[in-house]
Structures are given as C-alpha cells and as structure tokens.
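J.: Following this message is one structure expressed as structure tokens.
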Amino acid sequence: MNSKSLLLLCAVAALFTGAAVAEPIPEQFKQNGFAIGCQAYSFNKYTVFEAIEKTAQCGGKVIEFFPGQTVSKDDPAKWGHTASDETIAKVQAKLKEHGLKAVNYGVVGGKDAAEWRKIFEFAKKMGLYGITTEDVLKFDIIEPLVKEFDIRVGIHDHPRQQNNPNYRVWDPYYILEMTKGRDARIGACADTGHWQTSGLNPVWCLRVLKGRIISSHMKDKLDFGNSHDVPYGTGVGEIGRCLDELKKQGFEGNISIEYEYNWTTSVPEITQCVDFVKNHQGK
C-alpha cells in the first residue's frame, strides 16, 4: 500500500470512529501564537487540493474552506457540507499529507434548520473550530446547534452597501447587537479588509468587538474605500496593531488570509503575509 492510500485509509477510519471532533486549535498549528493560514477562496481559480498545496507552499498551517470549490482535477465533485463521506476522507488525507488542519468553513448559510444541521454535522466530521456566516436572522436555529456541537460561529462582514441600508453586518455595533445575550461561541469573523473598504479603522473595530471575535479574514489594503489587497504591513490596515489587539484580547481563533488580488499569481504575496505574522514582534 502506498503512502497516499494509507493516508486515505486513516482518514476514513478517523471519520467513522468519531476521531475528528471540534476542539481548540492545537498549538502545533500556530505560528508566533496565531493559527495563520489561508481562506481557500484566495485560490478559487483552483481546486480544493490545489488550495491545500498552495496554502502549505505559502507557509500556512491552517485552512478555511468555502462551499462549492471543485475537489480536485481528478474529482469534479463540489466541496462543502453536501460532500460524501468518501470525499471528506479524501480531503482529510490531503490535509494530512501537507501537514495542514482545516479550522473553519464559510461564508455559508442554510435555507432552514435541516440544512444548518447538515452544516454543523459536516463541521464536526472535519473537526473544525468554527463556521463563518452572514445568516444573522437564523440565530434561533443556529444557537442550539452551537451548544449541541460545541462549534463556534463567526458573523462575517462584507463592505457597507450604499444602496442597501438593510445590509448591516459591515457595522461592528450591529454585530454586537445581534450577539447580545447569545452563547459566547457566537461572535464575529472580523474581515479587516472589508472594514477598510467601508472606511472603518480595523483596530477600532476589533476593540468594539472585544470578547466576541471568533475568527478573522485578515487583509491589508492599499487604501481605504475601493482599493486592492497588498501584503501585510504595506497598506493602511495596521496589521501589526491588529495582531497586538487580538493577542491582548486572548484571541484563540484562526486568521485566514483571504487575498483577493492577483488571483493566479498571489503565492509570493500571501507568503509575505504569513511571514509578517510569524515575525511580528508585539508591543
């Protein structure tokens, strides 16, 4: 039996024995105190397998998946909470091959309670730390599942929409309002780049959400408003101060680099982002 077949067999065994369980992110997947890796959406022009390979190439130790990506060049199945157990085992084996841990999944929503249960069941099989969503009006469905599965949920923010005042998750105060009185495992997936697009200072936003930050899609951007991603430390996002603030708050979630620029040539820039986090000397 070759090594890849052995990895797949081990992944299948773990899947069906319940070995893949939700838990805090292990220390071996952290660098400089942070679980730093990629949102697979950074590599949405590629397959899940290629996203795993590229995340490892960039120096990341963790990965956040999104729904709908093709699994591999040899497997046209779509990845996500509708994936078969066989497909899940293949992806788990690929992660193990490259020394990565899947920690999060999103941005995802469920049309009803049945689909949300399927999302949590998928997250449990994958041993995820959290789920990322903007489905804020379904917390009466989501909160009991958070308690049952012991998996965290982070509300993701896209930029403010000038022509749609009903879209409010760009505002950290709205996220506080929506999570008030809810289980402590429900909070924010802090997308610092989208805050910059909305004209908000990301360090201030993180402070507003103190105690409710589950995970982060961390970006640095060339400027506030409509601009593009740049390597950490070269834009206006004050990434060093963001890291300091997260550490001060005792943040234990994942930082996903979601690099939405130079889609097919971004590996060197994402590597710079990983290196920035690894080498950052906090204040």
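J.: For the range 243-280 and the range 142-165, what is the separation of their Cα centres, given in Å?
T.: Cα centroid to Cα centroid, the span is 21 Å.
J.: Same structure, new question: Write down the Kirkwood hydrodynamic radius of the chain, to one decimal in angstroms, obtained as one divided by the mean of 1/r over all alpha carbon pairs. Don't skip to the end; give the middle numbers.
T.: Working: mean 1/r = 0.0531 Å⁻¹.
Evaluated over the chain, this radius sits at 18.8 Å.
J.: Report the normalised scattering of the range 211-283 as log10 I(q)/I(0) at q = 0.13, 0.15, 0.18, 0.28 Å⁻¹, calculated by the Debye formula with identical scatterers on the alpha carbons.
T.: Calculated log10 I(q)/I(0) at the listed q: -0.37, -0.50, -0.71, -1.40.
J.: For the chain, what proportion of DSSP beta bridges, expressed in % and rounded to the nearest 5, is antiparallel?
T.: Counting only bridges with both partners in the chain, antiparallel ones make up about 10 percent.
J.: At 1.4 Å probe size, put Asp75, Asp275 in order of accessible surface, largest to smallest.
T.: Descending accessible area places them as Asp275, Asp75.
J.: List, largest first, the extents of the alpha carbons of the range 111-244 along their principal axes, each in whole Å.
T.: 42, 33, 24
J.: Let me ask something additional. Sort Glu23, Glu245 by heavy-atom solvent-accessible area, probe 1.4 angstrom, most to least.
T.: Correct descending sequence by accessible area is Glu23, Glu245.
J.: At q = 0.17, 0.19, 0.21 Å⁻¹, what base-10 log of I(q)/I(0) does the Debye formula yield for the range 35-113 when every alpha carbon is treated as an equal point scatterer in vacuo?
T.: Taking Cα atoms of the range 35-113 as identical point scatterers yields -0.59, -0.74, -0.90.
J.: Please list, in order along the range 256-265, the HN-Hα scalar couplings obtained from phi with the Karplus expression 6.51 cos²θ - 1.76 cosθ + 1.60 (θ = phi - 60°), rounded to whole Hz, x for Gly and Pro.
T.: 9, 7, 10, 8, 10, 7, 6, 3, 9, 9
J.: Using mean Cβ contacts within 10 Å as the protection proxy, how do 83-90, 111-118 order, highest first?
T.: Highest-to-lowest ranking by the protection proxy: 83-90, 111-118.
J.: Follow-up question, since we're still on this one. If you take every DSSP beta bridge whose two residues both sit in the range 183-257, what share of them, in percent to the nearest 5, is antiparallel?
T.: Taking every DSSP beta bridge within the range 183-257, about 20 percent pair in antiparallel fashion.
J.: Same structure again: Extending each Cα 7 Å along its Cβ direction at Lys248 and Gln161, get the distance between those two points in nm, one decimal.
T.: Inter-label distance under the simple model: 3.4 nm.
J.: Follow-up. Using 0.36 nm times the number of residues separating Ser84 and Lys180, minus their current alpha carbon distance, what extension gain do you get?
T.: That pair, Ser84 and Lys180, stretches by 31.0 nm at full extension.
J.: At a probe size of 1.4 Å, how large is the accessible area of His228, to the nearest 10 Å²?
T.: 60
J.: Now for a different question. Please report the relative contact order for the chain, taking Cα pairs under 8 Å with a sequence separation of at least 6, and give it as a percent rounded to a whole number. If you can, show how the numbers build up before the last one.
T.: Working: 578 pairs, mean separation 55.2, N = 283.
Computed value for the chain: 20 percent relative contact order.
The values are calculated or read from the model by the stated rules, or taken from the named source; none is laboratory data. These numbers were taken from a predicted model, which means no experiment stands behind them. When we count neighbours, we look across all protein chains shown, and the Cβ atoms used for this are built from the backbone with ideal geometry, even at glycine. In case anyone asks, the SASA skips ligands and DNA or RNA and just uses the protein heavy atoms, side chains included. Shrake-Rupley method; radii C 1.70, N 1.55, O 1.52, S 1.80 Å.
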